[in-house]
Amino acid sequence: NVVASPIAGNGYVYAGSSYEHQAMLGIPLATAKGDITGTRAVSWHRRAQTPYVPSPLLYGDELYFIRHIQGFITCLDAKSGRTHYGSKRLPGLRRIYASPVGAAGRVYIMGRGGLTYVLKRGPQFEVLARNQLDDVFSASPVLVGGELYLRGHNSLYCIVENNH
């Protein structure tokens with residue numbers, strides 16, 4: 001039961017699930033052909049604290065993902081699968097359906113209850129901000145230019161830096 005979308009970048013594909021069986025795989029595209037189950041074609045794998053609904057985020061050399069739909073984030077070295085940090089608790093986030101997104105050196109993680117965490121991109125865990133909106137969110141944030149769009153149950157939000 002795989003819900004999170006596989007993602008590709010840096011010559012790899014990353015796929016994960018945590019419904020009945022927990023798995024997160026890093027597969028190099030250059031050497032993986034056909035059915036690779038149980039072969040050395042899989043560079044690395046994890047069998048715990050893996051994503052379910054939110055898709056992973058590949059941002060530079062880091063792979064970020066949410067544990068199941070819970071308020072815990074993990075950051076890995078995307079090529080080796082080595083853990084930079086995680087599973088780190090994000091207090092106040094209980095159910096997360098939206099996939100994390102990244103821009104301008106930041107990673108955005110939004111919970112259904114309207115709480116968004118802004119993390120500093122990189123191998124060290126650092127919370128830059130916590131923001132709360134009074135709405136319910138299931139859709140992933142969308143980044144367009146310098147704007148962040150959030151689709152809530154009741155409203156569509158556009159967040160942009162005010163340069164005045």
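Here's a check for you: in segment 64-87, which residue that is open to solvent by less than 10 Å² (accessible area, probe 1.4 Å) and among the aromatic types (Phe, Trp, Tyr) is farthest from GLY111 (Cα to Cα)?
Among those that are open to solvent by less than 10 Å² (accessible area, probe 1.4 Å) and among the aromatic types (Phe, Trp, Tyr), it is TYR64.
Taking segment 107-148 on its own, how many of its residues are part of a strand (DSSP E or B), open to solvent by 70 Å² or more (accessible area, probe 1.4 Å) and within 22 Å of ILE69 (Cβ to Cβ)?
4
Contact list please: Cβ distance under 9 Å, first residue in segment 33-48 and without any contact (Cβ under 8 Å) to a residue 40 or more places away in the chain, second residue open to solvent by 50 Å² or more (accessible area, probe 1.4 Å) and among the hydroxyl-bearing types (Ser, Thr, Tyr), pairs at least six apart or on different chains.
What qualifies is ARG40/THR31; ALA41/THR31; SER43/THR31; ARG46/THR83.
In segment 65-81, is there at least one residue being hydroxyl-bearing (Ser, Thr, Tyr), closer than 30 Å to GLU20 by Cβ and without any contact (Cβ under 8 Å) to a residue 60 or more places away in the chain?
yes
Of the residues THR37, THR74, only one is among the hydroxyl-bearing types (Ser, Thr, Tyr) and in a strand (DSSP E or B); which?
THR74
Per-residue answers, yes or no, for (1) closer than 16 Å to SER5 by Cα; (2) touching a strand residue (DSSP E or B) at 6+ places or on another chain (Cβ under 9 Å); (3) modelled with pLDDT of 95 or more:
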| site | (1), (2), (3) |
| --- | --- |
| PRO28 | no, yes, no |
| THR31 | no, no, no |
| GLY34 | no, no, no |
| ARG46 | no, yes, no |
| PRO51 | yes, yes, no |
| PRO56 | yes, yes, yes |
| TYR64 | yes, yes, yes |
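The values are calculated or read from the model by the stated rules, or taken from the named source; none is laboratory data. Please read all numbers here as calculations on a predicted model, not as lab measurements. Neighbour counts run over all protein chains shown; Cβ positions are idealised from the backbone, glycine included. These accessible areas exclude ligands, DNA and RNA; they are computed on the full protein's heavy atoms, side chains included. Shrake-Rupley method; radii C 1.70, N 1.55, O 1.52, S 1.80 Å.
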